[in-house]
Structures are given as structure tokens and as C-alpha cells.
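K.L.:
Take this structure, written in C-alpha cells, and hold onto it; I'll ask about it next.
The values are calculated or read from the model by the stated rules, or taken from the named source; none is laboratory data. Note that the structure is predicted; figures quoted are calculated from it, not measured. Methodologically, a virtual Cβ is constructed for each residue, glycine included, from the backbone with ideal geometry; neighbour enumeration extends over all protein chains shown. For accessibility, only protein heavy atoms count, side chains too; no ligands or nucleic acids. Shrake-Rupley method; radii C 1.70, N 1.55, O 1.52, S 1.80 Å.
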Amino acid sequence: MAGFVAGLDRGQATLLPECLEDWVDENNSVRAVDVFVEALDLRDIGFEGVDAAGIGRPAYHPSPMLKLYIYGYLNRVQSSRRLDFRKDNGPAIRKVCARFVELCRKMGLLAKASVAIDGSKFKAVNSRDNNFTQGKIQRRQKQIEESVARYMSQLDTADRQTAAEEDPSETVLLIKTRLKEKLAKLEEEVKRLAAIEKALLASPDKQISLTDPDCRSMATSGRGSGMVAYNVQSAVDTTNHLIVAHEVTNVGTDRSQLATMAQAAKAALRSDNLDVVADRGYFKGEEILACEQAGVAVTLPKPQTSGAKSAGRFGKPDFVYLAKDDVYRCPAGEKLAHHFTADEDGQKMRIYLTKACRTCPLKDQCTTANERRIKRWEHEHVIEAAQTRLDQNPQAMRVRRETVEHPFATLKMRMGATHFLMKTLPKVATEMALHVLAYNLTRVMNIVGIKPLLAAIRA
């Protein structure tokens with residue numbers, strides 16, 4: 001027979017392998033997903049549906065559903081259509097992500113208590129047109145006023161095209177009808193904006209999003225490139241680049257995130273001490289102090305915000321603090337002593353000065369006032385310690401950049417450089433936990449291989 005393939009036994013019992021197991025290679029990532037989920041106590045973690053309700057047709061057990069989601073995220077398939085498993089089991093899914101970090105720690109992949117912390121903006125499922133601030137509403141109201149004036153002028157022009165005691169032409173009637181329709185739409189828009197403004201003024205941060213109420217308009221590094229987004233914080237291990245802790249926030253800046261993320265990383269690593277490196281966007285005295293008190297040594301640069309320095313005069317770094325005598329030595333060699341303490345924005349600031357400024361030959365290079373005053377926060381030593389660590393380790397910022405920025409790029413690439421699929425902060429946090437779990441799982445499989453990972457899970 002022409003189509004016959006030599007060598008095949010047509011008398012074999014089955015044409016396909018006897019079970020699905022025979023189709024799956026031993027090094028397939030699905031095996032790691034399967035074994036990892038089977039090792040979890042889903043009831044203890046908090047998944048719904050572990051125990052059948054006893055009435056009606058049984059629901060899907062959470063074990064295969066969780067495996068399906070993890071495998072989907074591993075392969076950049078995140079859409080769930082109408083499945084409710086992800087949104088109904090948010091806290092439990094986030095715990096699963098933490099359990100895998102714990103497994104990484106037990107495997108010795110997080111032996112060095114050192115992390116880099118950073119934040120990145122991820123688009124929310126909310127367009128910029130559906131996000132409002134006071135400024136946006138005022139700009140839109142001004143645009144409407146200009147449009148109304150323009151349409152009214154066009155109506156007047158249309159009226160002039162018809163002579164006295166003459167009926168308007170069909171063209172003029174069409175123009176006037178179209179303009180009146182536009183004016184009616186603008187009137188409705190004015191009412192809509194008024195309702196939005198009322199809700200906006202009642203919100204704590206004077207901002208409102210219509211599609212996803214929890215997301216916020218956030219500035220990004222590019223000029224004019226802000227987005228309606230969530231600010232995702234992560235702490236990444238500096239050795240194997242595993243994400244040991246993460247959090248989704250709707251706060252657009254990083255300045256108040258350092259202590260929270262550092263302590264979350266320290267808890268995940270179960271370490272008595274932790275070294276953290278971050279960029280200047282995290283610089284805030286109270287945050288650095290909280291880290292110091294929690295056993296976290298922070299290394300980060302201080303922003304250069306000195307008005308004197310930008311004007312070509314001596315900045316605070318030009319004044320040397322002499323701790324033994326509690327004085328500052330100025331560039332001219334004079335000593336500035338502590339004269340009084342002031343409260344500024346809740347911080348106790350010690351003020352140092354000297355009367356020698358008035359006759360100092362370097363005064364024009366130092367201050368435009370009668371005397372130069374140096375302020376010292378009561379906990380300034382923690383800031384100085386952070387600066388000392390940076391001076392002693394000039395490669396710290398390069399390590400930070402190479403450690404924490406790559407995972408963010410990978411996560412966004414896996415997402416397809418698009419927005420979150422879910423709405424509201426708790427659900428977005430669940431979605432992010434699945435992304436982080438998929439990233440960490442992929443990373444571990446690449447580092448140690450699938451078989452050693454399976455052995456570690458079973459152990």
C-alpha cells in the first residue's frame with residue numbers, strides 16, 4: 001500500500017501512550033508546578049473549596065485551579081475570562097507566593113542577607129481620560145468654555161447668512177442643528193464634571209479614577225509621561241536576584257516605602273540583620289531611622305537639594321561636623337556652635353552658628369544673611385552612617401541597578417508591556433503575586449534545574 005510506513009506494527013493495542021504522564025518530559029516546568037502545589041496545605045493557607053459543600057455538583061478543587069494559574073503565568077497567559085478563582089482566593093494566592101520564597105530560603109538560595117529595593121509604575125486598567133484631579137477638571141472646564149464660545153459665534157454667523165424676512169436655507173438649518181447638538185453635549189459634560197468634582201473633593205488625596213477606583217495618576221521619569229498606575233515595590237536578593245518581598249501601593253512616590261519593604265524582606269529572610277541598597281528616591285530621615293532601629297543597614301545617596309550649592313556658594317557638605325565637641329567647622333576654619341533647637345515639620349533640628357561670619361573674608365561665598373546657620377537633625381548620625389557606607393562601597397549603586405531593575409523589566413515583558421487585568425488594590429495585589437511567583441519559579445529552575453527543585457520540594 002502506497003501510504004504504509006514501514007516498521008510500524010499495526011497490531012499494537014493502542015495508538016497513543018497509555019497515560020498523559022508518558023507525554024510529559026521529566027524536565028518540563030509543569031512538573032515543578034505540580035509538585036509544589038501538591039506540597040501545600042491549601043486548607044491551612046485559606047483556599048476556598050478544599051472541602052466539598054455536600055450539595056449540588058462539586059466545584060473545581062483549588063489544587064488543579066492553582067496549578068493552572070501558575071502554569072499560565074509561567075507561559076505568559078494571564079487572562080482568566082470568567083473564572084473567579086483568582087479574585088476569590090486573593091489572600092491565599094499571596095501566601096503561596098510567600099511560601100515559595102520560604103522554599104528558596106531553605107534551599108540556601110537566599111543565604112546572603114542583602115537586598116536591593118526599588119519601585120516601578122505598572123499601568124492600571126484605567127485610561128488617563130478616566131482619571132481626574134482638580135487641575136484636569138479645571139483644564140477641561142476651560143476647554144468647554146472656549147468650545148461654547150466658538151459654537152455660539154458660529155451660530156451668530158449662521159444667522160447672519162439669512163437676510164431679513166427670508167427663510168433660512170437647508171444648509172444653514174443643518175449647521176444650526178449640528179451646533180445646537182454640540183452645545184447640548186457640552187452642557188451634559190459640564191454636569192458630569194460637576195458631579196466628578198464633588199466626588200473628587202470628598203476623596204482623601206483629591207483624585208478619582210472611574211474605571212479602577214484605587215489606581216492613581218503617577219509621574220514617571222520621562223517628562224510628560226505620567227500614567228494612571230500602581231507603584232509596585234520589590235526587594236530583590238543581590239546574589240540570585242530572587243524577589244524576596246513585594247507590595248503593590250497606590251502611592252506615587254517611594255519616599256515612605258523604605259522601612260516597610262526592608263522589614264518585609266528581613267522577615268522573609270529570617271535574618272537578624274539586613275543590608276539594603278536603594279536609590280535617592282527613598283531618602284527620608286525617618287525611614288532611615290526606622291530601618292536602623294529594626295537592624296537594617298541602609299546604603300543610599302542623599303539628594304542634592306541645596307539652594308546655596310546651586311547658587312555657587314558653600315553647601316552643608318562643606319561644613320565638617322566634629323562630634324567630640326558638637327560643633328561644625330566651616331571652610332574658613334571657624335567653629336559653629338549649637339545655639340538653639342527648633343521644630344520643623346515634626347523634626348527636632350539643632351541650629352549651629354557663629355558670630356565670626358560678619359567679618360569673614362569668605363562670607364560672600366557662604367551666605368547672603370548676616371550669619372550662616374547649619375541645621376542638624378537630632379538623628380543625623382543615621383544619615384551620616386548611610387553616607388559612610390556609600391563612600392566605602394562606591395559600587396553599591398551599580399549593584400542596586402543590576403539587581404532590582406532587571407526583574408521589573410522581566411515582569412513587564414511577561415505581562416506584554418500592558419496594564420494589569422484586574423481592578424482595585426487587593427485584586428491587583430493578587431495578580432502581582434502570581435507574576436512574582438512565576439518569575440521566582442522560573443529563576444530557580446534556571447539556577448538549579450527542575451530535578452533538584454523537585455527534590456527540595458519533596459524534602
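K.L.:
Across the range 374-411, which residue is nearest to Arg128 (Cα to Cα) among those that are open to solvent by 30 Å² or more (accessible area, probe 1.4 Å) and in contact with a His (Cβ under 9 Å, 6 or more places away or on another chain)?
P.N.:
Only one residue fits best here, namely His406.
K.L.:
Shifting gears a bit: Name every residue in the range 97-150 that is assigned to a strand (DSSP E or B), open to solvent by 30 Å² or more (accessible area, probe 1.4 Å) and out of contact with any Cys (no Cβ under 9 Å at 6 or more places or on another chain), in order of residue number.
P.N.:
The answer is Lys121, Thr133.
K.L.:
Can you find, within the range 252-274, the residue that is nearest to Thr220 (Cα to Cα) among those that are open to solvent by 30 Å² or more (accessible area, probe 1.4 Å) and of a type in the set (D, E, K, R)?
P.N.:
My answer is Arg255.
K.L.:
If you don't mind, another one. One residue is enough: does the range 275-293 have a residue meeting the conditions farther than 30 Å from Glu378 by Cα and buried (at least 16 other Cβ atoms within 10 Å of the Cβ)?
P.N.:
no
K.L.:
Further, regarding this structure: I'd like the full set of residues that are part of a loop (DSSP other than H, G, I, E, B) and either under 29 Å from Asn131 (Cα atoms) or under 31 Å from the mean Cα position of the chain (by Cα) (or both), limited to the range 159-207. Can you show your working first?
P.N.:
Here is the first cut: in the range 159-207, the residues part of a loop (DSSP other than H, G, I, E, B) are 161-169, 203-206.
Answer for the range 159-207, where residues must be part of a loop (DSSP other than H, G, I, E, B) and either under 29 Å from Asn131 (Cα atoms) or under 31 Å from the mean Cα position of the chain (by Cα) (or both): Ser203, Pro204, Asp205, Lys206.
K.L.:
Of all residues being at pLDDT 85 or above and of a type in the set (D, E, K, R) in the range 45-77, which is farthest from Arg443 (Cα to Cα)? Just the residue, please.
P.N.:
Here the answer is Glu48.
K.L.:
Mind telling me which of the residues Arg350, Arg372, Arg389 ends up being over 40 Å from the mean Cα position of the chain (by Cα) and of a type in the set (D, E, K, R)?
P.N.:
Arg372
K.L.:
Go through (1) loosely packed, with under 13 Cβ neighbours inside 10 Å; (2) over 25 Å from Leu289 (Cα atoms); (3) over 29 Å from the mean Cα position of the chain (by Cα); (4) of a type outside the set (A, V, I, L, M) for Glu334 and report which single condition fails.
P.N.:
(1)
K.L.:
Right, next: Just checking, which of Ser29, Ser80 is at pLDDT below 70 and polar (S, T, N, Q)?
P.N.:
After applying the criteria, what remains is Ser80.
K.L.:
Test each condition in (1) in a loop (DSSP other than H, G, I, E, B); (2) among the acidic types (Asp, Glu); (3) within 21 Å of Gln387 (Cα to Cα) for Asp272 and report the one that comes out false.
P.N.:
Answer for Asp272: the failing condition is (3).
For every residue, the table says whether it meets (1) closer than 14 Å to Arg376 by Cβ; (2) modelled with pLDDT under 95.
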residue	(1), (2)
Thr299	no, no
Ser306	no, yes
Lys309	no, yes
Phe314	no, yes
Pro317	yes, yes
Lys324	no, yes
Arg329	yes, no
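K.L.:
Within the range 309-320, can one find any residue that is free of Cβ contacts under 8 Å to residues at least 40 places away in the same chain, surrounded by 13 or more Cβ atoms within 10 Å (Cβ to Cβ), assigned to a loop (DSSP other than H, G, I, E, B) and over 43 Å from the mean Cα position of the chain (by Cα)?
P.N.:
No, because not a single residue in the range 309-320 is free of Cβ contacts under 8 Å to residues at least 40 places away in the same chain, surrounded by 13 or more Cβ atoms within 10 Å (Cβ to Cβ), assigned to a loop (DSSP other than H, G, I, E, B) and over 43 Å from the mean Cα position of the chain (by Cα).
K.L.:
Out of the range 69-96, which residues are among the hydrophobic types (A, V, I, L, M, F, W, C) and either assigned to a loop (DSSP other than H, G, I, E, B) or within 18 Å of Gly46 (Cα to Cα) (or both)?
P.N.:
Result: Ile70, Val77, Leu83, Phe85, Ala92, Ile93, Val96.
K.L.:
Take the residues in the range 295-308 that are open to solvent by 30 Å² or more (accessible area, probe 1.4 Å) and of a type outside the set (Ser, Thr, Tyr), then tell me which one is farthest from Leu390 (Cα to Cα).
P.N.:
First pass over the range 295-308, keeping only residues open to solvent by 30 Å² or more (accessible area, probe 1.4 Å): 302-307.
From what's left, of a type outside the set (Ser, Thr, Tyr): 302-304, 307.
Details: Lys302: 10, Pro303: 13, Gln304: 15, Gly307: 23 Å.
Filtering the range 295-308 for residues that are open to solvent by 30 Å² or more (accessible area, probe 1.4 Å) and of a type outside the set (Ser, Thr, Tyr), the one farthest from Leu390 (Cα to Cα) comes out as Gly307.
K.L.:
Can I ask one more? Could we say that Ala342 is at pLDDT 90 or above, open to solvent by less than 60 Å² (accessible area, probe 1.4 Å), closer than 22 Å to Lys284 by Cβ and of a type outside the set (Val, Ile, Thr) here?
P.N.:
Yes: the conditions hold for Ala342.
K.L.:
Just need a number here: residues in the range 412-428 that are open to solvent by 20 Å² or more (accessible area, probe 1.4 Å) and assigned to a helix (DSSP H, G or I).
P.N.:
So the answer is 6.
K.L.:
Next up: Limited to the range 416-430, what total is found for residues that are under 20 Å from Asp88 (Cβ atoms) and over 13 Å from the mean Cα position of the chain (by Cα)?
P.N.:
7
K.L.:
Separate question: Within the range 144-163, does at least one residue satisfy the condition of being aliphatic (A, V, I, L, M) and in contact (Cβ under 8 Å) with a residue 60 or more places away in the chain?
P.N.:
Within the range 144-163, the first condition is being aliphatic (A, V, I, L, M), and the residues that meet it are 144, 148-149, 152, 155, 158, 163.
The next check asks that each one be in contact (Cβ under 8 Å) with a residue 60 or more places away in the chain; those that pass are none.
No; the residues of the range 144-163 include none that is aliphatic (A, V, I, L, M) and in contact (Cβ under 8 Å) with a residue 60 or more places away in the chain.
K.L.:
Still on this structure, please answer the following. Can you tell me which residue within the range 328-359, out of those that are in contact with a Leu (Cβ under 6 Å, 6 or more places away or on another chain), hydrophobic (A, V, I, L, M, F, W, C) and part of a strand (DSSP E or B), is nearest to Asp391 (Cα to Cα)?
P.N.:
Here the answer is Leu336.
K.L.:
Hey, another quick one. Among the listed residues Ala438, Ala409, identify the single one that is without any contact (Cβ under 8 Å) to a residue 40 or more places away in the chain and assigned to a helix (DSSP H, G or I). Lay out the reasoning, then the answer.
P.N.:
On the way: Ala438 fails: without any contact (Cβ under 8 Å) to a residue 40 or more places away in the chain.
None of the others qualify; the one that does is Ala409.
K.L.:
So, Ala113, is that one modelled with pLDDT under 90 and over 30 Å from Thr211 (Cα atoms) or not?
P.N.:
no
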